[in-house]
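Take a look at the structure set out below.
The values are calculated or read from the model by the stated rules, or taken from the named source; none is laboratory data. What you are looking at is a predicted structure, and each value in this text was computed from that prediction instead of being measured. Every residue, glycine as well, gets a Cβ built from its backbone with ideal geometry; the counts of neighbours run over all protein chains shown.
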Ligand SMILES: NC(=O)c1ccc[n+]([C@@H]2O[C@H](COP(=O)([O-])OP(=O)(O)OC[C@H]3O[C@@H](n4cnc5c(N)ncnc54)[C@H](O)[C@@H]3O)[C@@H](O)[C@H]2O)c1
């Protein structure tokens, strides 16, 4: 029989099954057609098993073995039984592989995730190539689902229960070396020798259990230790996810119950759980986020007409909080950056910041000491612009003052080449205005990083009227290369994220002044899924910084962005937040909260009022939704998904809600509008003034994501 998507041939008594055949995409996934073909092929190989000595799974792609099941297939599932049936179809195929009477081997070269890893686990052996792109893992939990093709059944058998739980519950992927270390891979070989080594393994059929594996099984075979392992895993999950995520808890239920069952019984439980999870709202939101992130991998703005500059060498201007982080990022991405400041002392601080980031990576075993030293040494600290002629990208992160920034840019322009892209990390100043200082404004844009640069994925690329599409494209691809999440936004007060964050933080001030307690406000937001309560967040940002930004936004946006004077009063008392250990909360030397700041409490009403958690949530999140609607109306960003990505990656808006506007859509915009109008009458008619964009959507019975 001939196949279109997967190659199948028998050579010297070995069956070769090759993925990524006749396929022009870099990544191969199991879609409906390839699953059908795989089923027919493994059935054919099984029927042939008397005439063959082994089965070899391999790939025709340079960097991909099998990237897993097609997420579109999962997202198209409408009912639990449809989902469970889909999982069963995969399980049946992988059972046939596992039940082959001849040995089978997966030759993993490149990406091998989800269904790819599950297929490999059903083989008698797995070998990996030393290709840096090789990675194995079961990331399903990140999509709010359980591995459904037998992964939860086979992974513990291969690597032992504790390691399997770690891999399945975190969804992390491992490179070839680590896959070998934990026992997923039975060998790692140069890419060119993978098929030869596969034959050697099959001929020897020498798959021995590693010590780790036997220990894992020993632990798992003992009822009591198994109980303890699951209990610990459950505690860890609850601690990490605060119970917001259903999938990891479901995975634990399935695995624990399955330990007592036969393969058939176990897999039935896995398929049923897959069905339940994949159609649930949480998984649908995480799938939605997956597609949004896929879409950001390509810039879809105005097409550039000229060559897009490639940004190889960089310079960070200003070595403060942000400049040090930016120099680190440039060194990390091999840009051999220049770090420029006014004094050697300031440069020293910037270099320290970069070294601290590298040391953090070393601690997390992401780099060796040699790599740290080599990368850190590529940063050239300088006090002049003499070497700026060699750089392709300048990121300015000096004091937030428009006149100083303009005069610095005018100076920088004299020293850089014509093709050099110039950017400002300003968080509140007008990029349009800044561009007027330049002779060639077309190669200038805002490039707004979030603090700390090494941990915050979002970067806002801020446009202005004269910027060239080539500049935006160059910055967009540079951000992707630097593993950041870029969002292109138009110039305007607070750009995208800070502008939507501000009404949220402002409203907290009003709630506190009305007598709602700090704890109730923070708890309501934490229980919504925010990574920290807004009072804690204000302390983290710095209350003085918050006051400054709030003033700028009030000036730019008018009455609806009015603030309570609470933060200002707190700042006047000398409480700046975590940085001086006193803000809304008190902090110890290590920055840990030790309690509420009673001095701030004294500034608030002595009698607390009780407000329901839902009411607090509505009070703080609805102004954000309204502001996001105005932002869409003003075309600061072009679509709802930009808002959602910005907030998820910029402030940690809970991913399981799919983003602010996805959440609004799920609640019903008519309901949202009704509550805003109610608050307009009962709380404040400026801060809760529903915008026309939102009203229009409701009139037309549309959602944010319909546009
Ligand atoms: N700190 C944040 O959380 C944050 C977040 C996003 C954006 N930003 C923006 O980043 C920029 C820098 O902020 P920061 O917090 O890093 O400031 P910072 O005060 O920590 O550092 C500014 C540095 O710039 C140096 N500097 C001043 N004038 C200079 C000049 N002419 N040439 C070279 N260096 C000069 C100063 O010596 C100082 O080291 C600002 O525009 C700010 O709005 C800050």
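The table below lists the values:
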read-out	value
Residue match in region 243-252 (condition: surrounded by fewer than 13 Cβ atoms within 10 Å (Cβ to Cβ), at pLDDT 85 or above and closer than 30 Å to residue 529 by Cβ)	yes
Residue match in region 40-57 (condition: more than 25 Å from the chain's Cα centre (by Cα), assigned to a loop (DSSP other than H, G, I, E, B) and within 25 Å of residue 192 (Cα to Cα))	yes
Within region 297-404, strands (runs of 3 or more DSSP E) holding 3 or more residues that are buried (at least 21 other Cβ atoms within 10 Å of the Cβ) and touching a strand residue (DSSP E or B) at 6+ places or on another chain (Cβ under 8 Å)	314-317, 338-340, 393-396
Helices (runs of 4 or more DSSP H) enclosed by region 513-580 - at least 3 residues per element that are touching a strand residue (DSSP E or B) at 6+ places or on another chain (Cβ under 7 Å) and under 20 Å from residue 687 (Cβ atoms)	none
Qualifying residue in region 544-554 (condition: at pLDDT 95 or above and away from the ligand (no atom under 16 Å from the Cβ))	yes
Some residue of region 496-512 being surrounded by fewer than 24 Cβ atoms within 10 Å (Cβ to Cβ) and not in a helix (DSSP H, G or I)	no
Odd one out for residue 349 among (1) near the ligand (Cβ under 8 Å from one of its atoms); (2) closer than 14 Å to residue 399 by Cα	(2)
Region 266-284: number of residues that are part of a helix (DSSP H, G or I) and surrounded by fewer than 22 Cβ atoms within 10 Å (Cβ to Cβ)	8
Members of region 1-28 found to be surrounded by fewer than 23 Cβ atoms within 10 Å (Cβ to Cβ), in contact with a strand residue (DSSP E or B) (Cβ under 9 Å, 6 or more places away or on another chain), assigned to a loop (DSSP other than H, G, I, E, B) and modelled with pLDDT of 95 or more, listed by number	13
Where residue 455 falls short, out of the listed (1) in contact with a helix residue (DSSP H, G or I) (Cβ under 8 Å, 6 or more places away or on another chain); (2) within 14 Å of the ligand (Cβ to nearest atom)	(1)
Flag if residue 325 is within 16 Å of the ligand (Cβ to nearest atom) and under 23 Å from residue 462 (Cβ atoms)	yes
Some residue of region 636-646 being in a loop (DSSP other than H, G, I, E, B), over 31 Å from the mean Cα position of the chain (by Cα) and either touching a residue at least 60 places away in the same chain (Cβ under 8 Å) or within 21 Å of residue 501 (Cβ to Cβ) (or both)	no
Elements of type helices (runs of 4 or more DSSP H) in region 141-197, at least 2 residues being more than 22 Å from residue 103 (Cα to Cα)	161-170, 176-182
Of all residues in region 405-428 being assigned to a loop (DSSP other than H, G, I, E, B) and more than 11 Å from the ligand (Cβ to nearest atom), the one that is surrounded by the fewest Cβ atoms within 10 Å (Cβ to Cβ)	418
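Quick grid of which residues meet (1) farther than 30 Å from residue 673 by Cβ; (2) touching a helix residue (DSSP H, G or I) at 6+ places or on another chain (Cβ under 8 Å); (3) within 16 Å of the ligand (Cβ to nearest atom):
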site: 561; (1), (2), (3): no, yes, no
site: 564; (1), (2), (3): no, yes, no
site: 570; (1), (2), (3): yes, yes, no
site: 580; (1), (2), (3): yes, no, yes
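A quick yes/no check of all residues on (1) modelled with pLDDT of 95 or more; (2) under 30 Å from residue 664 (Cα atoms):
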{"site": "261", "(1), (2)": "no, no"}
{"site": "270", "(1), (2)": "yes, no"}
{"site": "288", "(1), (2)": "yes, yes"}
{"site": "291", "(1), (2)": "yes, yes"}
{"site": "295", "(1), (2)": "no, yes"}
{"site": "301", "(1), (2)": "no, yes"}
{"site": "304", "(1), (2)": "no, no"}
{"site": "309", "(1), (2)": "no, no"}
